[in-house]
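Shown next, in structure tokens, is the structure this report addresses.
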Amino acid sequence: TVEQEEAERLEQQRIENERQAAELSRQRAEIEAREAYLQMYLAKVQKTEAKQNDDNRTAGAALVDLKPIEKKYVFAQHLLLKKHSYQTKNEKRIAVLKQMLALEQTEELNKIFGPKQYITTLINLGIEHILLGKYKQADTYLQESIQRSEQNKLPVLTGSIHNYLINQINLGSYQKGIDIYNSHKKLFENSRSKHAIRVYLCYCYLFLGRED
């Protein structure tokens, strides 16, 4: 009937309006996250990061509920947390990154990002723990980032190996650091960090009293 057709048309219009509103909110959240990243990077360049508080989080332009993990809100939650990860440091940042890690294991985000985002967050957690001197916890996260890459047949990120090797020096596991480098040396052949990683490799040999 005409009434049924009109009702169906209005329902389709409602669904489309919701889709457009959700897309607009997503775009705004992406912009906010990028802006927060640029502000963090600028603070590092200007060497003002140390003067900042551990927590400089601001509310999102779009209201996002961070309490329940509901499917329709997962992506929006992740974008807001991504922004907050750039606005925090130390224990505050670790708490945010752990929330991100939990969301990245959901079916919805796994479909969007695959395992790559999860691996990146593991690396960031490892780095943040190194900065706090929590080397054993850092080792766990960095080791898992390597294992996840290998399990998913993805190239191991240089950031995983670089920070993992550095952390072996922190832990006094110098031979393990050498072994890590030797098993992944091809990864650094064309990397910008190849010279830095070789310096850390030299430290491993020096602390072992070896000249090779």
Inspect all residues belonging to the stretch 80-101 and state whether any of them is closer than 17 Å to GLN27 by Cβ and open to solvent by 30 Å² or more (accessible area, probe 1.4 Å). yes
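Inside the stretch 87-106, can you point out the residues that are among the acidic types (Asp, Glu) and under 19 Å from ASP55 (Cα atoms)?
Narrowing the stretch 87-106 to residues among the acidic types (Asp, Glu): 91, 104.
Scanning the stretch 87-106 gives a single hit, GLU91.
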Could you give every pair whose Cβ atoms fall below 8 Å, whose first residue belongs to the stretch 95-117 and is closer than 15 Å to LYS83 by Cβ, and whose second residue is open to solvent by 70 Å² or more (accessible area, probe 1.4 Å) and outside any helix (DSSP H, G or I), counting only separations of at least 6 or pairs across chains? LEU103/ILE69
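Going through ILE146, ILE130, ILE112 one at a time, which residue ends up being of a type in the set (A, V, I, L, M, F, W, C), at pLDDT below 90 and under 30 Å from ASN190 (Cβ atoms)? Explain how you work it out, then say what you get.
Values: ILE146 fails: at pLDDT below 90; ILE130 fails: at pLDDT below 90.
Sole residue among the options that is of a type in the set (A, V, I, L, M, F, W, C), at pLDDT below 90 and under 30 Å from ASN190 (Cβ atoms): ILE112.
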Pick from LEU24, LEU63: which is farther than 25 Å from ASN124 by Cβ, in a loop (DSSP other than H, G, I, E, B) and at pLDDT below 80? LEU63
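Is there a residue being β-branched (Val, Ile, Thr), open to solvent by 30 Å² or more (accessible area, probe 1.4 Å) and part of a helix (DSSP H, G or I) anywhere in the stretch 142-157? Steps first, please.
Keep residues of the stretch 142-157 that are β-branched (Val, Ile, Thr), which gives 146, 156.
Within this subset, residues satisfying the condition of being open to solvent by 30 Å² or more (accessible area, probe 1.4 Å) are none.
The answer is no; no qualifying residue exists.
The values are calculated or read from the model by the stated rules, or taken from the named source; none is laboratory data. All of these numbers come straight from a predicted model, not from anything done at the bench. We place every Cβ from the backbone using ideal geometry, glycine too, and count neighbours over all the protein chains shown. Surface areas here come from the heavy atoms of the whole protein model, side chains and all, with no ligands, DNA or RNA. Shrake-Rupley method; radii C 1.70, N 1.55, O 1.52, S 1.80 Å.
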